[in-house]
Amino acid sequence: MNGQSQSQYAPAADVPLIQSPSLRVPRPVELPPDIHPLPDSVTAYFVYPFTLEPHVLTVEASRRSTLAAHAARREAYLKARDEEKERRKRDALRRIAPGFEPTATPLIPTKRFSGVPGQHVASAEAGSSGEGGGEHRRTKSVMEDLVDQLAALDSQ
């Protein structure tokens, strides 16, 4: 076998190529005669200008303070918006149930006493002895205290 038949491009070697008349080969680039050639070492070109440092630092400090002020203003706005939302929610709940406070303890209903004197004393004693410190204890009047002392003397 010859060298062309072993190549993977051997079948394409005999295909005729047609050049389009609209295409042309570009002219070679000609460099101007006064172009500055690069030196052997370019490390001299990589010198950092420290004269820009104060300018960059002041601009950066100003930018950071502006960003911090914007962040603080945004946080204050978001906090005020949340508080306003909570206030509206509480106001809506108070319109439905006056005196309602979501963060407070639940309201405990108090029993209203009837106008009958016998039931009033019995229910007051039952309420004060039944629950320890949850309700306000009723103080005895001087007359009730005297009656209790006389009853204690009679029982002895």
**Request:** Can you bin the stretch 1-105 into rounded, prolate or oblate? Criterion: square roots of the alpha carbon gyration tensor eigenvalues sorted a ≥ b ≥ c, rounded for a/c under 1.5, prolate for a/b above b/c, oblate for the rest.
**Result:** oblate
**Item:** Computed accessible area, HIS36, all protein chains, 1.4 angstrom probe, square angstrom
**Value:** 140
**Item:** Whole-Hz ³J(HN,Hα) from phi, Karplus 6.51 cos²θ - 1.76 cosθ + 1.60, for the stretch 59-74, glycine and proline x
**Value:** 5, 5, 5, 5, 5, 5, 5, 5, 5, 5, 5, 5, 5, 5, 5, 5
**Request:** Using +1 at the Cβ of each Lys and Arg and -1 at the Cβ of each Asp and Glu in the stretch 1-93, identify which of ALA12, PRO33, LEU52 lies farthest towards the dipole's positive end.
**Result:** LEU52
**Message:** Between ARG88 and ARG64, how high is the FRET efficiency from 1/(1 + (r/R0)^6) when r is the Cβ-Cβ distance and R₀ = 30 Å? Nearest 0.05.
**Reply:** 0.25
**Request:** Once you have the Kirkwood Rh of the stretch 1-56 from its Cα pairs, apply Stokes-Einstein at 37 °C and 0.692 mPa s and quote D in µm²/s.
**Result:** 173
**Complete:** Taking Lys and Arg as +1 and Asp and Glu as -1, residues besides THR103 with C-beta under 11 Å from its C-beta add up to -1
**Prompt:** In the P(r) worked out for the stretch 58-104, what percent of Cα pairs fall beyond 16 Å?
**Reply:** 58
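The values are calculated or read from the model by the stated rules, or taken from the named source; none is laboratory data. What you see is a predicted model; the values in this text were computed from it and never measured. In this analysis, Cβ positions are derived from the backbone assuming ideal geometry, glycine residues included, and neighbour counts consider all displayed protein chains. Just so you know, the surface numbers come from the protein's heavy atoms only, side chains and all, with ligands and any DNA or RNA stripped out. Shrake-Rupley method; radii C 1.70, N 1.55, O 1.52, S 1.80 Å.
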